[in-house]
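The values are calculated or read from the model by the stated rules, or taken from the named source; none is laboratory data. Computed from a predicted model, the values in this text were never measured in an experiment. Glycine gets a Cβ as well: all are built from the backbone with ideal geometry, and neighbour counts include every protein chain shown.
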């Protein structure tokens, strides 16, 4: 009987020692984990501070070389840079998928708008899409005075451009496009919005486009 008590007491002592050892290990583990978390928080704070101190210009993702706007296809597989035409200013409607410029008229409300896009579709698809967009625009015009010109083409530089004109109340527009050396089609919507503006001509627009495109 005495032997049993000694054995039981020994088991209790061993168990207590094991529990004390486990508790010590657990406390050490918790302390190590707490130290690691504090170190991680300090590292994160340092990273955030460094990020906040970066120059603002490094955050611009749509700028091309030397701040020239970059124009990308919808899938971002191809991009080119576009020079801002002389006499125009950047428009708030610009993004990496379309580059827009505007020139405000003398009355402060009328404007000439240029909107360029780069597409992977072929010219026939671009033409069909442009015609559908203009037809929708005309159908939404309540006075029914709008009209669309015939499909035309003209050489400028080493490129053959296709275009058609359209007009409705307060709008004079061109849709122009061509295939670039990279196989993509660049298209431009050019519109005079309002009155008192110099009429748009295809020669003037092609001169602007040829000078703006950097392949």
Exactly one of (1) surrounded by fewer than 16 Cβ atoms within 10 Å (Cβ to Cβ); (2) under 24 Å from residue 79 (Cβ atoms); (3) in contact (Cβ under 8 Å) with a residue 24 or more places away in the chain is unmet by residue 125. Its number?
(3)
State whether one or more residues within the range 135-146 are at pLDDT below 95, surrounded by fewer than 17 Cβ atoms within 10 Å (Cβ to Cβ) and either closer than 22 Å to residue 185 by Cα or touching a helix residue (DSSP H, G or I) at 6+ places or on another chain (Cβ under 6 Å) (or both).
yes
Just one of the numbered conditions (1) under 21 Å from residue 202 (Cα atoms); (2) surrounded by fewer than 18 Cβ atoms within 10 Å (Cβ to Cβ) is not true of residue 107; which one?
(1)
Could you tell me whether residue 117 is under 23 Å from residue 94 (Cβ atoms) and either touching a helix residue (DSSP H, G or I) at 6+ places or on another chain (Cβ under 6 Å) or assigned to a helix (DSSP H, G or I) (or both)?
no
Looking only at the range 136-161, count every residue that is in contact (Cβ under 8 Å) with a residue 40 or more places away in the chain and at positive phi and tell me the total.
1
All but one of (1) without any contact (Cβ under 8 Å) to a residue 40 or more places away in the chain; (2) in contact with a helix residue (DSSP H, G or I) (Cβ under 8 Å, 6 or more places away or on another chain); (3) under 30 Å from residue 72 (Cβ atoms) hold for residue 168, so report the exception by its number.
(3)
Looking for something farther than 24 Å from residue 110 by Cβ, assigned to a strand (DSSP E or B) and more than 25 Å from the chain's Cα centre (by Cα) - is there at least one such residue anywhere in the range 165-184?
no
Identify all residues within the range 200-215 that are under 15 Å from residue 166 (Cβ atoms) and either part of a helix (DSSP H, G or I) or at pLDDT below 95 (or both); write none if there are none.
202, 205
Please verify whether residue 133 is part of a loop (DSSP other than H, G, I, E, B) and either touching a strand residue (DSSP E or B) at 6+ places or on another chain (Cβ under 8 Å) or free of Cβ contacts under 8 Å to residues at least 60 places away in the same chain (or both), treating the condition exactly as stated.
no
